[in-house]
Amino acid sequence: MSIVEHLQQAVISVLSQLYSKEFSASDFQVNQTKPEFTGDYSIVLFSLIKKTGQPLPLLAEALGSNLKAAHPGLIADYNVIKGFLNLNITDAFWLNLLNSQYNDICFGKQPMNGQKVMVEYSSPNTNKPLHLGHLRNNFLGWSVAEILKATGNEVFKSCIVNDRGIHICKSMLAWQKHADGATPASTGKKGDHFVGDYYVRFEQDVKEETEQQLNKVKLGDLSSFADNQKIRLEKILVQLTPLDEEKNGEAIKKIQAEVKEFVRNHTPVMNEARDMLLKWEQGDEAVMALWNKMNAWVYEGFDKTYQDIGSDFDKKYYESQTYLLGKDFVQQGLDKGVFFKKEDGSVWIDLKEEGLDEKLVLRKDGTSVYITQDIGLVMDKYQQFKIDQSIYVIADEQNYHMKVLQVICKKLGLPVADGIEHLSYGMVELPSGKMKSREGTVVDADDMVEEMVQTARKHTEELGKVNDFSGEDLEKLYKTLGMGAMKFYLLRVDPKKRMVFNPEESIDFHGYTGPFVQYTYARIKSILRKLSPSAENEAGTSEPLLALEKELLITAEQFPTIILQAAKEMNPSVVANYCFTLAKTFNSFYAVHSVANAETGAKKLLRERMCRMTANILKSGMQLLGIDVPEQM
């Protein structure tokens, strides 16, 4: 039980006795006392005035005096500042916490609660390597899964691989046209990067053909377009005829952009890509063989990246195996009146009352759209794992789609519908701005990992404290620091916020960074290695806690509550911020108070146990973020 829960129970008990009414924790707030006031925790009294019928001064004094009398082992003293009852917690409470928990490496973690949760993250496309945006996604998903495990849930980590569609065919077609039989093995290139290069090459081909086609269109030559395409293009072009360039400049630009996009979508190479997709859907033997071969290259590359970044999955789903799921539910939805069919045979759902407009769930030719297969996958996950909650880690660009999925599943009465949660996160950018896959300006995850390792190497060598490490140990340290810096920087920001990732800033050993926390942990371990065993059995029972000792214990005590908060909010930044605060608090404590040369034996044992508890919490907290902490730096 946390200190806040102890105080809530004590306050409820005293209030009930004083005023012969029932009270609950929702009737008042318990906060840490502000630094400018005396006390450890404060009871906010304003909300109790009406229920108790007491004026504030009388209420505060009655509650404070009775709390102190009824709970002498918890409340040492109190004071009243306006509407706040500030409480000093007894040293005995903090010492009991320390002596019972200092060596518990599982401190803060909850017993199993019987709930099953699936966390889906990563969702890569097999036409390109993982990039910086995928890193934030993977780190968020993996960390949330671990935090949910720590709060007693049975957690399954899953990934949906987007291995079909026009974007996959683009890479395949470009490889056919330009590779001349080259492979990752023959070029010495990682498979996902190799395939990604051909996706970029396809876009270059499209760009070249678009320019060629536009030049013909300007001359009135539409001969390269099919008859139905000519008709549609002429309808767009005819809008330009009556417009005066000086008076209608913006309107002309808009129409010209529409023409360019139409031409781009109907270049010969785009038509070939669509033909290849059709052949794939028909199971064409040659296309399927090429698809399997190129996907195998990509998967090998993905596996290496996942290993490097510490991301893993209990279950992988493949869109090529799930895109037909959900059609049965469309018929069920029609039977229940959830869906309706239009004259052309397409099936829709009307979500205007929910503010989501109408949504297509099945095309007129009977083929699925993304929402159809997502409905099917919801049930597939439930049937296999019997999950109570299904969390999707997907960028905020898909907020609308996820709202639609949640509403449809509820209307269909699917068993896990109420447990669908969208962990929506903001995009990540570099100081140089946004990244674009088509133009090949996306920062590959592998390149970012390597850059972080090299940045860690540079900063560590500048500090000049690497003489005690072997070459192999140093390389391991550089990777630990580099990955720790990147993960902490990407996770320290609330997922809902967009962010800019600055590699140089993330590695600062003295800033709000992962390496600062890692260094603090290594520092504590160094302190403990140098200590001789203490003879005393009980720490600090005869001497009062000093201010910085108490502050460190107060901060350490909050760890279980922090984990619960992070799980409830699905927000790893809560844990990251806490780890930084705990590390900073320890450094402030250690700058003033010696451990090895403590004033007495009891103080030495007290501080030794404080060091052990702090180190255990820092290691446990950073592990929830997927970050290793080095024993030595």
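The values are calculated or read from the model by the stated rules, or taken from the named source; none is laboratory data. No experiment lies behind these values; they were computed from the predicted model shown. FYI the Cβ positions are ideal-geometry reconstructions off the backbone, even for glycines, and counts take in every protein chain you see. Areas reflect the complete protein model, heavy atoms only, side chains present, ligands, DNA and RNA absent. Shrake-Rupley method; radii C 1.70, N 1.55, O 1.52, S 1.80 Å.
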Revision key, fill the gap. Taking the convex hull of the alpha-carbon atoms of the stretch 510-631 and averaging its shadow over every direction gives an area in square nanometres of 7.5
Revision key, fill the gap. Computed over all unlike Cα pairs, the Kirkwood hydrodynamic radius of the stretch 460-559 in Å stands at 16.8
Review point. What is the helix-to-structure angle for 399-412, meaning the angle in degrees between its Cα long axis and the longest Cα principal axis of the chain, kept from 0 to 90 and rounded to the nearest 10?
Key: 90
**Study point:** In degrees, nearest ten, helix 370-385 long axis to first principal axis of the chain (Cα)
**Key:** 50
Study note, to complete from the structure: Restricting to Cα pairs under 8 Å and 6 or more apart, the percent relative contact order of the stretch 1-52 works out to 27
Review point. If you add up the charges near residue 212, with Lys and Arg at +1 and Asp and Glu at -1, over every other residue whose beta carbon is less than 14 angstrom from its beta carbon, what do you get?
Key: 0
**Study point:** Percent accessible area from carbon and sulfur atoms, the chain, protein chains only, probe 1.4 Å
**Key:** 49
Review point. Rg and Dmax of the stretch 233-384, Cα atoms, in Å?
Key: 21.9, 64
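Taking a ≥ b ≥ c as the square roots of the eigenvalues of the Cα gyration tensor of the stretch 357-428, is the shape rounded (a/c under 1.5), prolate (a/b larger than b/c) or oblate?
oblate
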**Study point:** Expected 222 nm ellipticity per residue - DSSP helices of 4 or more, -39500 (n - 2.57), all of the chain, to 500
**Key:** -18000 deg cm²/dmol
Point to revise | Over 24 Å (Cα to Cα) - which of 128/381; 341/403; 157/496; 352/496; 190/479; 279/364 fall in this group | key: 128/381; 352/496
**Study point:** Kirkwood Rh in Å, taken over the stretch 535-607 so that all alpha-carbon pairs contribute
**Key:** 13.7
Practice item. Give the long-range amide H neighbours of residue 160: residues separated by 5 or more places, or on another chain, with amide H under 5 Å away, using H modelled in the peptide plane at 1.01 Å from N. Key: 121, 123, 317
Study note, to complete from the structure: Expressed in angstrom, Rg and Dmax over the Cα atoms of the stretch 295-386 are 17.3, 53
Exercise for review: Report the calculated FRET efficiency for residue 346 and residue 21 (r = Cβ-Cβ distance, R0 = 45 Å), to the nearest 0.05.
Suggested key: 0.15
Review point. If you count, for each residue, the other Cβ atoms within 10 Å and average over each peptide, how do 492-503, 292-303 line up from highest to lowest?
Key: 292-303, 492-503
Point to revise | Packing-based order for 282-288, 82-88, using average beta carbon neighbours within 10 Å, highest first | key: 82-88, 282-288
Practice item. Classify the stretch 252-313 as rounded, prolate or oblate from the Cα gyration tensor: take a ≥ b ≥ c as the square roots of its eigenvalues, call it rounded if a/c is under 1.5, otherwise prolate when a/b beats b/c and oblate if not. Key: oblate
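Applying a 10 Å radius around every beta-carbon, put 336-343, 415-422, 45-52 in order of their mean neighbour count, most first.
The densest-packed peptide leads the list: 415-422, 45-52, 336-343.
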Check your understanding: So what is the relative contact order for the stretch 148-259, in percent, with contacts set as C-alpha pairs under 8 Å and at least six apart?
Key -> 17
Check your understanding: By how many degrees, between 0 and 90 and to the nearest 10, does the Cα long axis of helix 191-218 differ from the longest principal axis of the chain?
Key -> 50
Check your understanding: Which whole-number percent is the relative contact order of the chain (Cα, under 8 Å, 6+ apart)?
Key -> 16
Practice item. Using only C-alpha atoms and all pairs of different ones, pull out the Kirkwood radius for the stretch 391-521 in Å with one decimal. Key: 17.3
Exercise for review: Taking the convex hull of the Cα atoms, report for the stretch 186-294 its projected area averaged over all directions, in nm².
Suggested key: 9.5
Exercise for review: For residue 78, enumerate residues with amide H under 5 Å from its amide H, sequence gap 5+ or separate chain, H modeled in the peptide plane.
Suggested key: 88
Exercise for review: Work out how far the C-alpha atoms of the stretch 470-525 reach from end to end along every principal axis, then list the three figures in whole Å, largest first.
Suggested key: 41, 22, 16
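So what's the stretch 25-176 giving for Cα Rg divided by 2.2 N^0.38 Å, two decimals?
Rounded to two decimals, the normalised Rg is 1.79.
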Practice item. Report, by chain and number, residues whose modeled amide H sits under 5 Å from the one on residue 391, excluding near sequence neighbours (fewer than 5 apart, same chain). Key: 118, 119, 120, 421
